[in-house]
Number of protein chains: 2
Amino acid sequence: MAAQRKLSPLPFTHVKLADRFWAPRIEVNCAVTLPKEYAMCEATGRIAAFDLKWQKGDPNPPHVFWDSDVAKWIEAASYALATHPDPRLDELLNGVIARIAKAQQRDGYLNTHYIVFERAGLDRRWTNLRDNHELYCAGHLIEAAVAHYQATGKRALLDVGCRYADYIDSVFGRGEGKLRGYCGHEEIELALVKLYRVTGEERYLKLAQYFVDERGQQPHYFDIEARRRGEDPARFHFRTYAYNQSHLPVREQSVVTGHAVRAMYLYSAMADLANETGDASLLTACERLWHSVVGERMYLTGGIGPSASNEGFTVAYDLPDETAYAETCAAIGVVFWNHRLLQFDGDGKYADVMERALYNGTISGVSLDGAKFFYQNPLASRGDHHRQDWFDCACCPPNIARLIASVGGYFYSTDAQGVWVHLYASSEADVGALGLKIRQTTSYPWDGRVKIEMELDQPRAFTLHLRIPGWCERHTVHINRTRYADGQPVNGYLAIRREWRSGDEVVLDLEMLARLMQANPSVRQMVGRVAVQRGPVVYCLESADNPVSPLDRITLPLDMAWSVEYRPELLGGVAVLHGEARVDDISWSGGLYEPARPIRRQPIEITAVPYCVWDNRAPGEMRVWFRS
Amino acid sequence: MAAQRKLSPLPFTHVKLADRFWAPRIEVNCAVTLPKEYAMCEATGRIAAFDLKWQKGDPNPPHVFWDSDVAKWIEAASYALATHPDPRLDELLNGVIARIAKAQQRDGYLNTHYIVFERAGLDRRWTNLRDNHELYCAGHLIEAAVAHYQATGKRALLDVGCRYADYIDSVFGRGEGKLRGYCGHEEIELALVKLYRVTGEERYLKLAQYFVDERGQQPHYFDIEARRRGEDPARFHFRTYAYNQSHLPVREQSVVTGHAVRAMYLYSAMADLANETGDASLLTACERLWHSVVGERMYLTGGIGPSASNEGFTVAYDLPDETAYAETCAAIGVVFWNHRLLQFDGDGKYADVMERALYNGTISGVSLDGAKFFYQNPLASRGDHHRQDWFDCACCPPNIARLIASVGGYFYSTDAQGVWVHLYASSEADVGALGLKIRQTTSYPWDGRVKIEMELDQPRAFTLHLRIPGWCERHTVHINRTRYADGQPVNGYLAIRREWRSGDEVVLDLEMLARLMQANPSVRQMVGRVAVQRGPVVYCLESADNPVSPLDRITLPLDMAWSVEYRPELLGGVAVLHGEARVDDISWSGGLYEPARPIRRQPIEITAVPYCVWDNRAPGEMRVWFRS
């Protein structure tokens, strides 16, 4: 892999989605999700916390990660504002930002929990980096500041973020009298790289680099810090620093461990730093860790982190379905990280993972009406798992909102030779550097035909890289209705170099078959099981369409035939799959356990719907993996 | 069911086990488990707590359920002493009991947590019956007192128990100025019935009756109590009083709910009270609840309670294997309750469940060397579940110790017509009332042939009830080498009435086949799966014998043939099962997920070992249920 990225993502502000998958979600995100999340932040005291009026005995004590919920909402709302000008949202943002700015302490510190809640108040700040999320909250504030500045040009929050970052820079580092710490929950690292990119201030980059480099060094800072608090470091609730990826220096890590969101945010920062500094050793670590995640620990949906107890990873090939934690934020982290890795060489394996997470395990995190959220995204349910209005720990709702609001940013990149198309959806993109507008017309992800029209200010020779997804076994390309058969995809991209003219039309046909997938037999929970995928979309069966209980009685023969039906009225418009499966005879007499006898199987017509839209109808069972 | 019991259990002191299953466990229990548990109680401060010297700032603050751990150890040690006279153990018991007696307050109160730990001290007693286990600890103290008195004739602890019970009687009830409460963790109810039986004091019975009758009445005591503490009752951690079976009056309960151990102890008390008071409505409730447990919620091992979050029940037919909680104490509770129900009519269905739990889900709770304990007894493991030396909440180790020390008490009952044999093992029983000694000679549970020899002071006409287990499809009986074919078993027992003479010999042959079992198809986790059982013993595969990973790759064809091999040197002497199963081809190339293709299966020789002895060798995978 190149040590620095060859590709640059085209910002989401340059991509206008007009499709039936993302565009309605972006609209609902603006119309429902963002107002609702703001209202929840208000109702729970998260916004009022910045007024610093909370006193002991009041309800709703500011929790250590509250500030980050508000910050992520600001980031999401800023992205929305950038594509959907809205004076009221603009005002709302100005108001919240003013309250936040007022809460900032003279030295730049800004954390509502420590300012108002901790008994010893500000003296306690930075005394528990391991558990208390201060730098994590700072990171989200900085991301919000960058987003708001980019969306509006206003410096109010950016100045707050810079002052806070400057203050943090004065506190942490290797210099005399500085704290040699880093955050238990990674986030500030990638935020500081963003701040560096927008301000050009190298000290932010160096601070990010310090945090990443220092992580996991010995003597271990979390040991030192715990002893300073008078605590035995061995009594750390999560037992091992693998929980927060500080068990080893990051360059020595090769197995993904611990809390899944933390891991993804750290690895994203490592990719960012590799690019900014040319430090190839960080990319080498990323590649090892990528194989550990994608080759051994990722759900078919792109979700990661099977275990609730650490919100994260266990061992290789441990992928239970019904008890899967698979936090929405973790799948979003998969998108962040893979999108960053994709920019280095344009290797489609990263785009494949990004697309898998985008169409399945991230977007499942929000209901079609935009008002309810999954924290956990299991791959089977007995009917008791439902999206919620909000959570005490509300990281996922604003995280999915910021992803949706900026999803256009994952579609394209540019490089010195031209443009890369990573994702497909009806849309218009403005590739200013090439004087180019690209219009995609397609029913993707429900159909594999994509028409790409070029609008150019003048004829221009450049390379158009079209992604041929890993799930696609056959594809054809026509340029101006002539079959294009020159060359094969390399690393998942077909490179078409020519002089392009306005009005040129490329039609890409990706064969999109419903296919039964199976897992590596080392995944003990999935031995003998199959799941249906079509294109990038993973399907599931729900009770609403398949009145069989338990759904586990259904088996999917390997040779079963599928038919596809696009149902515009169903679940926001989805392609459903029909097929003749088998169902175990239910007849049973006697006790809970009986000597085994052969089970008869009957044919049964089944209907599968995309996993990402499950639990949007009457509550019932859901299942992705079936016996075959 | 008869409203009062027709049968009376023959005390364990009258049954001397000389077999190769129980006798070695009883020896190890005396030689290793009891000393170790005492040492752990000492090392953790549980015994010193009774000296009432703990002060704020000291390590090891007495926890709300600590007293019960010591009490259960005293009960277990007393049972051991009754069958294995041991002056040193006797002295040890005297010493502990003296320390406990000294801790008793003038009014009879005795709870180390409240006496030394609670800031407001004794004023806080009885303010949180819902959560704080005071009456539960009292119950175990009373059970210990009864056991020690019965074993030694000494009244020291019995007097403590009576004083405490008298005091509790003065505090709780429906009278003016009394607290109308009951314990969140049932236990005192059955203990008071024991105390009543040994002392003849009716007030103890009435107090037990009050606790059982009051449970779940409205207005709800736990609501009242929470409000008195200034707490919102709705903020109960477990949300619903179904957690502690107080959501409804006990006679209105028909679905087993909540914490599994609590449920079993409550139901045991209900059976006891039905017998003592003739209140058939309690038995009717027990029967409904029995069907809810045994017909819908019990593991093949007799374990119950799939969920860790409430240490208990979820919904019908929810029986995950790898994540099963199946607490050792809960399976012990299954034994207690079914043993009580068995005494009413001698219905073998209760003995079947009792035997299932005894040979599988209870005894799995302790290692063969007697030194390590399972709290949870899952039916599959990826190799990361192992017995521990001890637990912060150490209910299981002394519970399994008291069960083993008194297991002989589950073998026989007497009634007006004669004697009932519930369980089989080489042993001698002294049925004094009939002037009868019974000698069993058998390799049970490894073989189904049981020779029963009678020694009588004089010829006597009585009925010998022989249990024909539910798992047995064919049996024969010979009396004095003559085939006995008069009559069929009724409700699981063959009644042989005749004039018995000393030297009479009955040979019972129970056909004991290795059989594949399947679960009701409503158990979604077990659809398409089978497990091997032979006699009362459930088998599992362990990595130690079957080097296939994951073990889930193995399938067991319905028609597979099994051979039995008794291996005296293995795992304390067990019958292992051999058979030719199938194993999925491991060959795999490519990523974590690939389009499905047919999997080839190869024959594989497998060896199954009894579930109850798993995890006694090198750590590895274990599995009970396999695809078929």
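The values are calculated or read from the model by the stated rules, or taken from the named source; none is laboratory data. What you are looking at is a predicted structure, and each value in this text was computed from that prediction instead of being measured. With ideal geometry, Cβ positions are generated from the backbone for all residues, glycine too; neighbour counts draw on all protein chains shown. Side chains included, ligands, DNA and RNA excluded: accessible areas come from the protein's heavy atoms. Shrake-Rupley method; radii C 1.70, N 1.55, O 1.52, S 1.80 Å.
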Review point. In the stretch A:372-394, which residue that is hydrophobic (A, V, I, L, M, F, W, C) and surrounded by 22 or more Cβ atoms within 10 Å (Cβ to Cβ) is nearest to residue A:136 (Cα to Cα)?
Key: A:394
Exercise for review: Check A:316, A:324, A:280 and return the single one that is within 14 Å of chain B (Cβ to nearest Cβ) and surrounded by fewer than 24 Cβ atoms within 10 Å (Cβ to Cβ).
Suggested key: A:316
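Residue by residue, here is whether (1) closer than 19 Å to residue A:364 by Cβ; (2) part of a loop (DSSP other than H, G, I, E, B); (3) within 10 Å of chain B (Cβ to nearest Cβ); (4) touching a Gly at 6+ places or on another chain (Cβ under 9 Å) holds:
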| position | (1), (2), (3), (4) |
| --- | --- |
| A:498 | no, no, no, no |
| A:502 | no, yes, no, no |
| A:515 | no, no, yes, no |
| A:548 | no, yes, no, no |
| A:559 | no, yes, yes, no |
| A:563 | no, no, no, yes |
| A:572 | yes, yes, no, no |
Check your understanding: Looking at (1) within 14 Å of chain B (Cβ to nearest Cβ); (2) assigned to a loop (DSSP other than H, G, I, E, B); (3) within 30 Å of the chain's Cα centre (by Cα); (4) not hydroxyl-bearing (Ser, Thr, Tyr), can you tell me which one residue A:532 breaks?
Key -> (2)
Check your understanding: If we scan the stretch A:249-261, do we find a residue that is of a type in the set (Asp, Glu) and either crowded, with 24+ Cβ neighbours inside 10 Å or touching a helix residue (DSSP H, G or I) at 6+ places or on another chain (Cβ under 7 Å) (or both)?
Key -> no
Check your understanding: Of the residues B:409, B:370, which single one is touching a residue at least 60 places away in the same chain (Cβ under 8 Å) and closer than 23 Å to residue B:294 by Cβ?
Key -> B:409
Practice item. Taking residue A:316 as meeting all but one of (1) in a helix (DSSP H, G or I); (2) assigned by TED's automatic domain parsing to the domain that holds residue A:375, write down the number of the exception. Key: (1)
Review point. Is there a residue being touching a residue at least 40 places away in the same chain (Cβ under 8 Å), assigned to a strand (DSSP E or B), among the charged types (D, E, K, R) and facing chain B (nearest Cβ under 10 Å) anywhere in the stretch A:612-628?
Key: yes
Check your understanding: Among the residues of the stretch A:587-617, how many are over 28 Å from residue A:524 (Cβ atoms) and at pLDDT 95 or above?
Key -> 7
Exercise for review: Go through the stretch B:425-439 and give me each residue that's crowded, with 22+ Cβ neighbours inside 10 Å and without any contact (Cβ under 8 Å) to a residue 60 or more places away in the chain.
Suggested key: B:438
Practice item. Considering only residues that are more than 9 Å from every other protein chain (Cβ to nearest Cβ) and closer than 27 Å to residue B:300 by Cα, look in the stretch A:593-603 and name the one that is most open to solvent (accessible area, probe 1.4 Å). Key: A:600
Revision key, fill the gap. Residue hits (the stretch B:504-513; within 13 Å of chain A (Cβ to nearest Cβ) and touching a Ser or Thr at 6+ places or on another chain (Cβ under 9 Å)) are B:511
Review point. Hey, any hits in the stretch B:283-290 for a residue that's within 24 Å of the chain's Cα centre (by Cα), within 14 Å of chain A (Cβ to nearest Cβ) and closer than 23 Å to residue B:2 by Cβ?
Key: yes
Check your understanding: Restricted to the stretch A:517-526, and to residues that are touching a Ser or Thr at 6+ places or on another chain (Cβ under 9 Å) and either in a loop (DSSP other than H, G, I, E, B) or more than 8 Å from every other protein chain (Cβ to nearest Cβ) (or both), which residue is most open to solvent (accessible area, probe 1.4 Å)?
Key -> A:522
**Study point:** The one condition in (1) more than 17 Å from residue A:492 (Cβ to Cβ); (2) more than 14 Å from chain B (Cβ to nearest Cβ); (3) open to solvent by 10 Å² or more (accessible area, probe 1.4 Å) that residue A:333 fails to fulfil
**Key:** (3)
Exercise for review: Would you mention how many residues in the stretch B:186-235 are open to solvent by 10 Å² or more (accessible area, probe 1.4 Å) and not in a helix (DSSP H, G or I)?
Suggested key: 9
Review point. Which residues, counting only those in the stretch B:562-592, are open to solvent by 70 Å² or more (accessible area, probe 1.4 Å) and over 33 Å from the mean Cα position of the chain (by Cα)?
Key: B:580, B:582, B:586, B:589
Review point. Within the bounds of the stretch B:445-455, is there any residue that is among the basic types (Lys, Arg), more than 25 Å from residue B:22 (Cβ to Cβ) and open to solvent by 10 Å² or more (accessible area, probe 1.4 Å)?
Key: no
**Study point:** Enumeration of residues in the stretch A:535-546 that are more than 10 Å from every other protein chain (Cβ to nearest Cβ) and either open to solvent by 30 Å² or more (accessible area, probe 1.4 Å) or in a strand (DSSP E or B) (or both)
**Key:** A:537, A:539, A:540, A:541, A:542, A:543, A:544, A:545
Check your understanding: From B:507, B:523, which residue is among the hydrophobic types (A, V, I, L, M, F, W, C) and out of contact with any strand residue (DSSP E or B) (no Cβ under 8 Å at 6 or more places or on another chain)?
Key -> B:523
Check your understanding: If residue A:606 passes every condition in (1) open to solvent by less than 60 Å² (accessible area, probe 1.4 Å); (2) within 12 Å of chain B (Cβ to nearest Cβ) but one, which one does it miss?
Key -> (2)
Exercise for review: State whether the residues of the stretch B:299-307 include one that is buried (at least 19 other Cβ atoms within 10 Å of the Cβ), in contact with a strand residue (DSSP E or B) (Cβ under 6 Å, 6 or more places away or on another chain) and of a type in the set (A, V, I, L, M).
Suggested key: yes
Practice item. Filter the stretch B:27-59 down to the residues that are touching a Phe, Trp or Tyr at 6+ places or on another chain (Cβ under 9 Å) and not in a helix (DSSP H, G or I), then identify the one that is most open to solvent (accessible area, probe 1.4 Å). Key: B:56
Review point. Can you name every residue in the stretch B:262-277 that is of a type in the set (Asp, Glu) and surrounded by fewer than 24 Cβ atoms within 10 Å (Cβ to Cβ)?
Key: B:276
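To keep it simple, each residue is scored yes or no on (1) assigned by TED's automatic domain parsing to the domain that holds residue B:525; (2) touching a residue at least 40 places away in the same chain (Cβ under 8 Å); (3) closer than 24 Å to residue B:385 by Cβ; (4) of a type in the set (Lys, Arg).
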position	(1), (2), (3), (4)
B:283	no, yes, no, no
B:287	no, yes, no, no
B:292	no, no, no, no
B:298	no, yes, yes, no
B:347	no, yes, no, no
